[in-house]
Amino acid sequence: MGTTGLPTNITQGVRTKGGIGESTLRPDGTLKVTGEFAYSSDMWHEDMLWGHILRSTVAHANIVSIDTAEALATPGVYAVMTYDDLPTDVKNYGLEIQDTPVLAHGKVRHHGEPVAIVAADHPETARRAAAKIKVEYRELPVITDEASATAPDAILIHENRTDHHVGHVPHPNIVHRQPIVRGDVTEARERADFIVEGEYVFGMQDQAFLGPESGLAVPAQDGGVDLYIATQWLHSDLRQIAPVLGLPEDKVRMTLAGVGGAFGGREDLSMQIHACLLALRTGKPVKIVYNRFESFFGHVHRHPAKLHYEHGATRDGKLTHVKCRIVLDGGAYASASPAVVGNASSLGIGPYVVDDVDIEAIALYTNNPPCGAMRGFGAVQACFAYEAQMDKLADAVGMDRVEFRQRNAMAQGSLLPTGQVVDSPAPVAELLRRVKAMPLPPERQWESSEGADVRQLPGGLSNTTHGEGVVRGVGYAVGIKNVGFSEGFDDYSTARVRLEAVAGEPVVTVHTAMAEVGQGGVTVHAQIARTELGVTQVTIHPADTRVGSAGSTSASRQTYVTGGAVKNACELVREQVLERGRRKFGTYHPAWATAELLLEGGKVVTDAGEVLADLVDVLGDEAVELEREWRHRPTEPFDLRTGQGNGHVQYSFAAHRAVVEVDTELGLVKVIELACAQDVGKALNPLSVVGQIQGGTTQGLGVAVMEEIVVDPKTAKVKNPSFTDYLIPTILDTPTIPVDVLELADEHAPYGLRGIGEAPTLSSTPAVLAAIRNATGLELNRTPVRPEHLTGTA
Amino acid sequence: MRVNFTVNGRPQEADDVWEGESLLYVLRERLGLPGSKNACEQGECGSCTVRLDGVPVCSCLVAAGQVEGREVVTVEGLAEYAARRSCGTGACEAGACGTDSGGTSLDEARRWSAQGTRGTDSQTGEGTELAPIQQAFIDAGAVQCGFCTPGLLVAADEMLERNPDPTDADIREALSGNLCRCTGYEKIMDAVRLAAARQSEGA
């Protein structure tokens, strides 16, 4: 029967149309509501085997021995592989620094590190066989924080580092350090009438995408492998996978299978190499699907952070200086830590104008779980701290908290601490004004003629209060996020666009390697193709490595960059079509040579609206097809000593107002409303834009009041790897989220758009914290807030 | 062991089932019905929600042997289930439900999975007959990654069956066992309100 669940073309345009600016519905919507959309865990192949990964039960240890004999002898088991079975000299991988072993070699550096892999004819057989592998560990002391990482006798997490950061870090257990210094903080401090300091702690957040890490590797006749996978960046995976397998990249053919969310957690590899290794070893297709427990170990998390801030202001409410130090825990492997450091430092003071700054951000190597990309990427942790500081300082000055922010807000033309000019709209004060102007939700909404509706109260259906002890609070926050990959990265995308006549209709096929992870990139590509080429029917080709790289679905960049690539390719296709039209029909009408020509409604028209030809007649039997790379404006690295440099491409701004009710006796919080105002430049799909803002807002809410991976500081072991113990917001925890969308075009970006996915995740958390502080009068310097922090029983 | 049960109105027989397998595993891996999702496999997320003799359950927590002789409805059968229900209440437009024994055959299910199409005029499935709640999810923008969607649809459809005119608090309570990580739930609320409104208009 072969393989089922293979990704196929998706065509839209029979009933659903729409160019840019319209709320066109998803082309994959019907497949997703009928259960027919094939996710990576839905792939199936006759005779396929199931892979399973044995992971370390301790965080830091030397491996004395591994005995696989009993596992291999288990009926139904086809292969067991350890480090010794890796086929080439390339045994590590990594996004930037190749420090992550495919399988542990002599040592494990964090709880849950892959040690061995098994293939069997049933997933339970594979699991049970893996449990029969005997691994003898000799445990080492665990490094869990800055003090233990940089102690004089600290064990080096990675000995013999050769990466390009090792030369400028103060200690080999520091992945990367980025200072940003501008002006003179010592001198500026003298001008401050008020100085506030704070120490803040940000807990480890999990992406908690719902579709588990999974995929299917099918060995091919030519010795290569076909891999169907859920990822954020096919070509980045390919670059890391192929060398480990000892295959040229063209023999590792990757196709994007359905992706059940990502949020940064699929930027690093998970089971890709393991599935390929087992498939090539056994000669059979191998499927690997993590369960939720394993998923908590199978991807990197958001860096937990400790942040120290000092802010100063004059009596009239102008910021004098900011000095801060941000310590991010990168865990055992580098992942995206260097870039997270770049963001945390360069965006470390928020969307405010401050001439005198002294910022330092570092990421540690420890034995905690590896941390890397998650929505907001370094800017989230900083925003939590600087917004708490802004409230504190406003209170010290005696000024309204929103007004204080507005007085110091950056605007177009302002400088970042890196010296970079913000050269597109930066409506920070306006967003605050808008979010403040929204009507407040009525008091005591939970009251009805039949008594209290406990579902709307803190504690909910636990029926812990009928309103007694419940206090309301309101809080505000605003943030700044960069869009796209920064610091000189060649952040390009590629699009292949084909225009042809099919059964008398012009049809566009868009083929990119963009990972659709739920954000709606496929919707937007169809909209762009309609707008640029004047067609209704658009076919979205499955994303794969047979077309050039699209870059990552992260950093709020895909609509900008791959959207830009699709737009650019469509424009070039249009030029070729018009040239063909001029050759075929130019002699019939002078406008072919003289007028500005457009493609609209399946026709070639002049800018005055005169129809010159049907598009299908111009096309005839021959398609127009081309593939092109597209780049946004280049960026440059930050100076390693001063942090100065034009490191970013674009910025995204959002502001939140949170309204909470707190049961002060039990320490329970109910978020009543989380209003958001965001500048999106141009909303290519307003429905999807609002959906992104609401989703991002809710992830910020989660880390404000419930989400945290708890790591035992004594053992560095994860204590809550399940949805029973790691809580994400349910529909009962989530409030109404009114959204006010502002559209101030960025002239540098396609259609003036602004990447939008991450900004709402930044300001949501500090707004909720500010509201809880407002309700309780407590200082609350860590997130998430737990009941014991509110009741004084922590 | 062998398990005989009814899925989406059609008798099914699953062979070689290991006793530890869940209903979810049998649906997904043995019957070619991967619409029910495997987000947590521990009864916390609701992505695997199906109707078992009419009652919404997490199919990951139901042992396969427990469904012997019973009736299961999955997201793949939701449109037809909803159509039959509206027939039963007299709200069916003539012929909408068909007259055959109905249900989804295993072959049909595998064919959908293999081709990603039901032979409509477009491979988006445009023109496919949908349950009102399915259409509302699309129209309201309640689908992003879509992994939570099948479970939410089964749960929301069941709630609207019980409570055709729910308050917002009712909707939130009924769907509180279904996690979504993408949407922030606002568009899901919109979708359920929309389906309820369309249902009451059509009634």
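Values in this text are rule-based calculations from the coordinates and carry no lab data. It should be emphasised that the depicted structure is a prediction, and the values quoted were computed from it without experimental measurement. Counting neighbours? That spans all protein chains shown, and the Cβs are built from the backbone with ideal geometry, glycine included.
Please turn the phi angles of region B:29-42 into ³J(HN,Hα) values with the Karplus equation 6.51 cos²θ - 1.76 cosθ + 1.60 (θ = phi - 60°), one per residue in order, whole Hz, x for glycine and proline.
Rounded to whole hertz, the list is 9, 10, 10, x, 10, x, x, 6, 9, 10, 6, 9, 6, 9.
Between region A:178-250 and region A:56-124, how far is it from one alpha carbon centroid to the other, in angstrom?
For region A:178-250 versus region A:56-124, the Cα centre distance is 23 Å.
What is the distance in Å between the Cα centres of region A:457-476 and region A:256-280?
42
Return a whole-number percent for the relative contact order of region A:444-558, with Cα pairs under 8 Å and 6 or more residues apart as the contact set.
24
Along Cα→Cβ, 7 Å out, is where each label goes; now give me the distance between the ones at A:A396 and A:T594 in nm to one decimal.
7.1
Could you sort the peptides A:159-169, B:62-72 by per-residue average Cβ neighbour count (10 Å cutoff), highest mean leading?
So the peptides A:159-169, B:62-72, ranked by packing, come out B:62-72, A:159-169.
Quantify how strongly other chains surround peptide A:257-263 by giving the mean number of their Cβ atoms within 10 Å of each of its Cβ atoms.
Going residue by residue through A:257-263 and averaging, the value is 5.
Distances over 58 Å make up what percent of all Cα-Cα pairs in the protein assembly as shown?
8
With labels modelled as points extended 7 Å from the Cα through the Cβ direction, what inter-label distance (nm, one decimal) is found for A:D121 paired with A:E187?
Placing both labels 7 Å along Cα→Cβ, they lie 7.9 nm apart.
Going by C-beta contacts inside 10 Å, put A:E468, B:E129 in order with the fewest on the left.
Least to most surrounded, the residues fall as A:E468, B:E129.
Give me the dipole magnitude in Debye, nearest 20, for the protein assembly as shown about the Cα centre, with unit charges on the beta carbon: positive for Lys and Arg, negative for Asp and Glu.
600
In the neighborhood of B:D170, defined by Cβ-to-Cβ distances under 14 Å, what is the net charge if each Lys or Arg adds +1 and each Asp or Glu adds -1?
-3
Quickly rank A:367-377, B:165-175 as a protection proxy: mean count of other C-beta atoms within 10 Å, highest first.
Values: A:367-377: 29.3, B:165-175: 17.7.
Ranking, from highest mean packing down: A:367-377, B:165-175.
May I ask you to evaluate 6.51 cos²θ - 1.76 cosθ + 1.60, the Karplus curve with θ = phi - 60°, for each residue of region A:37-46 and list the ³J(HN,Hα) values in order in whole Hz, giving x for glycine and proline?
Working through the residues one at a time gives 5, 8, 7, 4, 7, 8, 4, 8, 9, 4 Hz.
Any idea which of A:P766, A:S295, A:V618 is furthest toward the positive side of the dipole for chain A, if Lys and Arg beta-carbons carry +1 and Asp and Glu beta-carbons -1?
A:S295
Which whole-number percent is the relative contact order of chain A (Cα, under 8 Å, 6+ apart)?
That works out to 16 percent.
If I take R0 = 51 Å and measure r between the Cβ atoms of A:A69 and A:A147 in this structure, what FRET efficiency does the formula 1/(1 + (r/R0)^6) give, to the nearest 0.05?
Calculated transfer efficiency: 0.75.
Taking R0 as 30 Å, what's the FRET efficiency between A:T314 and A:D423 from their Cβ-Cβ distance, rounded to 0.05?
Calculated value: 0.60.
If amide H atoms are built 1.01 Å from N in the plane of the peptide, which residues on other chains or at least 5 residues away come under 5 Å of the amide H of A:L742?
A:Q678, A:D679, A:V680
Suppose a student asked you for the relative contact order of region A:596-656, using Cα pairs under 8 Å spaced at least 6 residues apart; what percent would you report?
Normalised by residue count, the contact order of region A:596-656 is 16 percent.
At 222 nm, what helix-only mean residue ellipticity would the protein assembly as shown give, in deg cm²/dmol to the nearest 500, using -39500 (n - 2.57) for each DSSP H run of four or more?
-8000 deg cm²/dmol
How far, in nm, would the chain grow between B:L61 and B:R10 when pulled straight, counting 0.36 nm per residue and subtracting the alpha carbon separation?
That works out to 16.1 nm of additional length.
Put a dot 7 Å past each Cα toward the Cβ at A:N160 and B:W18; how far apart are the dots in nm?
Each label point lies 7 Å from its Cα, and together they span 4.1 nm.
Compare the Cα positions of A:L457, B:S22, A:V524 along the charge dipole of the protein assembly as shown (+1 at Cβ of Lys, Arg; -1 at Cβ of Asp, Glu; about the Cα centre) and return the one farthest towards the positive end.
Value: A:V524.
Sorting check: for A:729-738, A:431-440, which peptide has the highest mean count of neighbouring beta carbons within 10 Å, and how do the rest follow? The partial results should precede the final answer.
Working: A:729-738: 21.5, A:431-440: 18.1.
The packing order, highest mean first, is A:729-738, A:431-440.
Which net charge results for the neighbourhood of A:A409, defined as the other residues with beta-carbon distances under 14 angstrom from its beta-carbon, given Lys and Arg at +1 and Asp and Glu at -1?
+2
Restricting the count to DSSP beta bridges whose residues both fall in region A:452-591, what percent are antiparallel, rounded to a multiple of 5? Provide the component values of the computation, followed by the final result.
Numbers: 7 of 11 bridges.
Approximately 65 percent, going by the DSSP bridge assignments.
Counting only other chains, and only Cβ atoms inside 10 Å, what mean value do you get across the residues of A:285-298? Provide the component values of the computation, followed by the final result.
Working: counts 0, 0, 1, 0, 4, 2, 6, 7, 3, 0, 2, 0, 0, 0.
That average works out to 2.
Under a 5 Å amide H to amide H cut-off, with H placed in plane at 1.01 Å, what residues pair with A:A426 once short-range neighbours are removed?
Here A:Q412 satisfy the definition.
Across peptide B:129-141, how many C-beta atoms of other chains are within 10 Å of each residue C-beta, on average?
Counting other chains' Cβ atoms within 10 Å and averaging over B:129-141 gives 4.
Got a sec to turn the phi values of region A:311-318 into Karplus ³J(HN,Hα) couplings, 6.51 cos²θ - 1.76 cosθ + 1.60 with θ = phi - 60°, whole Hz, x for Gly and Pro?
Calculated HN-Hα couplings, in order: 10, x, 8, 7, 4, 8, x, 9 Hz.
Using the crude model of +1 on Lys and Arg Cβ and -1 on Asp and Glu Cβ, and no other charge, please compute the dipole size for region A:669-794 relative to its Cα centre, in debye to 20.
Roughly 420 debye, rounded to the nearest 20.
Listing A:S763, B:S59 from the residue with the fewest other Cβ atoms within 10 Å to the one with the most, what is the order? If you can, show how the numbers build up before the last one.
Values: A:S763 39, B:S59 30.
Placing the least packed residue first, the sequence is B:S59, A:S763.
Rounded to the nearest 20 Debye, what is the dipole magnitude of region A:544-658 about its Cα centre when Lys and Arg each give +1 and Asp and Glu each give -1 at the C-beta?
Working: 14 positive and 17 negative charges, 111 e Å.
So the dipole magnitude of region A:544-658 works out to roughly 540 debye.
For chain A, build the charge dipole from Cβ charges (+1 Lys, Arg; -1 Asp, Glu) around the Cα centre, then report which of A:S722, A:G564, A:I155 sits farthest towards its positive end.
Of the candidates, A:S722 comes out farthest on the positive side.
Can you give me the long-range amide H partners of A:L612? Hydrogens built in the peptide plane at 1.01 Å from N, cutoff under 5 Å, separation of 5 or more residues or another chain.
Residues meeting the criterion, in which the H sits 1.01 Å from N, are A:V604, A:V605, A:T606.
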